[in-house]
Amino acid sequence: MHFYGQAADILRRLEQHQGSIQTLTVGNRAVASDDKRRMYALICETLKYASVLAPVVQGSGVLGGGIQGMNTRLALAMAHDMLVSRGGLQRRGADHELNRAFEKYKPQLRAKMDALVAEAGARSMADLVPLGLREETATLRHVRVNLLAASVDQVVAAFEKEQFELVECRDHSLMAQELPARSRRFMRDPDLDDLLVFPSGTDLHAHPLYTDGTIILQDKASCMPAHVVRPKPGTSALDACAAPGNKTSHMASLMGNKGSVFAFDKSARRLDTLVQLTDRARCRIIRPLCADFLDVDPLNPLYADVECALLDPSCSGSGIVNRLDALVDGFVALVQGQEQHRSNATRLESLAEFQIAVVLHAMRFPSVRRISYSTCSVHVEENEAVVAAILNAQDEFALMPAVDVIPTWPRRGLAHGGLTSEQAACVVRTLPEDGTNGFFVAGFVRKKPADIGEIRRQLDERRTQQQKQTQQQTQQEVVDKAPERTKAQPRQQKKPKKADRSSSAVSFLPGRRARSAVTARANVSSNNSSNMSKKRRRVKSGKGVAKK
């Protein structure tokens, strides 16, 4: 496949959430080693300019010009290099015919671009890029050592052999000064013992320690949740919204590959990404399960020993500085023609409801004793207000004391959203001025035993609500399918299907063969156990047939 065809395929996979920019470019074995950096840059820049290039491409006629294999993604990537990149289109044998065909549309493309720039009163295409995407705020480069592959000392020694200078700094306010941009300095992080810090702009994507999984390029803030919940080796933990898997692999690293980590995600594609990422990180205790965490039965014996829960549910992403995810989301919206109709306030309210539900559900797992809750958001509505709502909604868990929540980190929570000053001191905030993304972390610790009866009551109530919603949806579908029928010609409605009490099935994705098929299924609800026993009895008596 030629270079631009490969770029178009990566854009397609990003659109379908089949991986991250990093894993699909520098971490993609199909991309030639010499092309990895170039491909990474092209994808990032194409996403950045997509909203500007789209009308140029659409108005040039290139999409309907009969060029073999031409589509929107391919045209955007090639238009970027032709119109924006100083180097122009890539010149190589495999791309020759495609480039020659695309070059025929250069006058139309440039004319359309010039017209857009002039109409906007701008100086160049760069001025038309949304302001939030033009420049990335300089943040320090954080490198997590994968303890399953090497010790921190071994990785430090490896970088020192490459003429990197190890410096020491315990003052958070001086770290950026000690690590000036483009210098070959680095330091051990003063708060997290498995983290190294490099100057902003340090590019390690092609470094052998990264490509072989010895180091993980992960922002410091997103490394905090695993340290807050810190599962011990040999125990059982869960990650409720696990994909793409960096936090999941971090827990496995801290556990020394001893014990088990249940990794839930309702997207099979995203879970496949998690399997690939955690495999590369040499994790051997991850149990990936394809399921909506809210539909998982906490009383299922499968999770009886789960002691720790890491919860990083969907959020607004308002704290992310290096907005690679925003680039992808914007591209998806552009290609698929999606629009956001809801106001930001309504969206935050909806997100907060989901975040609260996830934490309260994790608290229903009887053996869970420690929980971390985190967001990459700076909004009080998703952070302090969510924590306050959780504390008010139950009495079995309390906030972890500040001494257990990254105690050396100076920036704590805000006394807003229902939290007192004392409570706010127990949670952590990070901001771009700290050299990280904007982030929030809180910890909860069990203070009294689980009330199994109350848990069952809550689960039954949720199932009843789901059944009602299913019935209402079924009835509405019947009405929608027969709009021409009148009251004089009543149509007998089909009996709505009974809602599965399990709500959904949990699919296990096994190790390196996740793409082949789901090989095992575990019931979400423990209520199904009696049905399984009946089936076994029928098989033994010859009345049933066992299926593989």
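The values are calculated or read from the model by the stated rules, or taken from the named source; none is laboratory data. Keep in mind the model is a prediction, meaning the values are calculated, not measured. As a convention, Cβ positions derive from the backbone with ideal geometry for all residues, glycine included, and neighbour counts pool all protein chains shown.
Here are some notes:
- Among the criteria (1) at pLDDT below 85; (2) part of a helix (DSSP H, G or I); (3) in contact with an Asp or Glu (Cβ under 8 Å, 6 or more places away or on another chain), the one His96 does not fulfil is (3).
- Filtered residues of region 224-249 (kept if of a type in the set (S, T, N, Q) and not in a loop (DSSP other than H, G, I, E, B)): Ser236, Asn246, Thr248, Ser249
- Residue ID - nearest to Ala32 (Cα to Cα), chosen from residues in region 73-105 that are exposed (fewer than 12 other Cβ atoms within 10 Å of the Cβ) and small (Gly, Ala, Ser): Gly93
- Every residue from region 46-67 that is surrounded by fewer than 21 Cβ atoms within 10 Å (Cβ to Cβ) and farther than 18 Å from Ala111 by Cβ: Ser51, Gly66, Ile67
- Test: residue in region 401-411 that is in contact with an Asp or Glu (Cβ under 7 Å, 6 or more places away or on another chain), surrounded by 20 or more Cβ atoms within 10 Å (Cβ to Cβ), at positive phi and not aromatic (Phe, Trp, Tyr): yes
- From the list Leu289, Leu294, Leu334, the one residue that fits, being of a type outside the set (Lys, Arg), out of contact with any Asp or Glu (no Cβ under 6 Å at 6 or more places or on another chain), part of a helix (DSSP H, G or I) and modelled with pLDDT of 95 or more, is Leu294.
Matching residues to (1) farther than 30 Å from Ala242 by Cβ; (2) of a type outside the set (S, T, N, Q):
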residue	(1), (2)
His2	yes, yes
Arg37	no, yes
Ile43	no, yes
Gln90	yes, no
His96	yes, yes
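- Annotation for region 4-17: at least one member residue is touching a residue at least 60 places away in the same chain (Cβ under 8 Å) and among the hydroxyl-bearing types (Ser, Thr, Tyr).
Matching residues to (1) closer than 15 Å to Thr23 by Cβ; (2) in the same structural domain as Pro401 (by TED's automatic domain parsing); (3) surrounded by fewer than 24 Cβ atoms within 10 Å (Cβ to Cβ); (4) of a type in the set (Val, Ile, Thr):
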position	(1), (2), (3), (4)
Ser236	no, yes, yes, no
Gly245	yes, yes, no, no
Ala252	no, yes, no, no
Met255	no, yes, no, no
Gly259	no, yes, yes, no
Phe262	no, yes, no, no
Arg270	yes, yes, yes, no
Leu274	yes, yes, no, no
Leu277	yes, yes, no, no
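- Condition check for Asp212: in contact (Cβ under 8 Å) with a residue 40 or more places away in the chain, in contact with a Ser or Thr (Cβ under 7 Å, 6 or more places away or on another chain) and under 23 Å from Thr23 (Cα atoms): no
- Enumerated helices (runs of 4 or more DSSP H) restricted to region 1-88, each holding at least 1 residues that are under 22 Å from the mean Cα position of the chain (by Cα): 3-15, 21-24, 36-60
- Cβ pairs under 8 Å, 6+ apart, first in region 165-179 and surrounded by 13 or more Cβ atoms within 10 Å (Cβ to Cβ), second assigned to a helix (DSSP H, G or I) and modelled with pLDDT under 95: Val167/Glu178; Cys169/Met175; Cys169/Glu178; His172/Asp434
- Qualifying strands (runs of 3 or more DSSP E) (wholly inside region 386-455; at least 2 residues being not assigned by TED's automatic domain parsing to the domain that holds Val359): none
- Per-region count, region 341-382, residues modelled with pLDDT of 95 or more, within 18 Å of the chain's Cα centre (by Cα) and outside any helix (DSSP H, G or I): 4
- When region 260-274 is filtered for residues that are out of contact with any Pro (no Cβ under 9 Å at 6 or more places or on another chain) and not polar (S, T, N, Q), the ones remaining, listed by number, are Lys266, Ala268, Arg269.
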